[in-house]
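For reference, the structure is listed below as structure tokens.
Read the figures in this text as sums done on the coordinates, not as results from a lab. Quantities reported herein were computed from a predicted structural model and do not represent experimental measurements. Using ideal geometry, Cβ is built from the backbone for each residue, glycine included, and neighbour counts are taken over all protein chains shown.
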Amino acid sequence: MEPALVHHWLSTDAYWALGRPRAVQDAAIAASLNFGAYDRATGTQVACARVVTDHATFAWLCDVYVTPAARGRGLATALATAVRDHLEGLGVRLVLLATHDAHGVYAKLGFQPLEVPGHWMSYGL
């Protein structure tokens, strides 16, 4: 994964991370399981995904991003499939994510809305 490139993508083009400082992104990458997708012809990174996990029971899939030029070719689905399969191999039983606009991508992989959303709580600083 190319941290400078990922930071640029997320901090300038991803609605959930606009303006995220580089130091924060670097810390998040360092503490996470990271995935990248690369152009076969050039080797250039064209997508990323980050997973916050204990590597045993739980994971949160986040920071999934595909460059505009690489969108529309199923890359997000392929990347999310690779993440899901890797986590299944670890024995992780629950993977959460949040999205405003990509429900169809994740639904193809078996992700569903929370059964009882009222059981979940959040705390934001």
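Quick notes on this structure:
- Taking label points 7 Å from Cα along the Cα-to-Cβ direction, ALA4 and GLU115 give a separation of 4.8 nm.
- The C-alpha atoms of the chain define a longest principal axis, and helix 75-90 lies at about 50 degrees to it.
- Loop chymotrypsin sites (Phe, Trp or Tyr not before Pro), the stretch 1-44 (other Cβ atoms within 10 Å of the site Cβ: 14 or fewer; DSSP): TYR15, TRP16
- On full extension, the segment bounded by SER11 and ARG71 gains 19.8 nm, given 0.36 nm per residue less the C-alpha separation.
- When the P(r) is computed for the stretch 11-83, the part past 20 Å accounts for 33% of the Cα-Cα pairs.
- Net length available on complete extension from HIS103 to HIS86 is 4.1 nm, with 0.36 nm assigned per residue and the Cα-Cα distance removed.
- Counting every C-alpha pair in the stretch 72-112, the share spaced more than 17 angstrom apart comes to 27%.
- Antiparallel beta bridges, as assigned by DSSP with both residues in the stretch 48-125, represent about 60 percent of the total such bridges.
- P(r) tail, the chain: Cα-Cα pairs separated by more than 16 Å, 65% of all pairs.
- Each Cα pair under 8 Å and six or more residues apart adds its separation to the average, and for the chain the resulting relative contact order is 18 percent.
- Among the trypsin sites (Lys or Arg not before Pro) in the stretch 1-69, those located in a DSSP loop and surrounded by at most 12 other Cβ atoms within 10 Å of their own Cβ are ARG40.
- Histogrammed with a bin width of 5 Å, the alpha carbon distances of the stretch 53-125 distribute as 3, 13, 24, 24, 20, 11, 5, 1 percent, first bin at zero.
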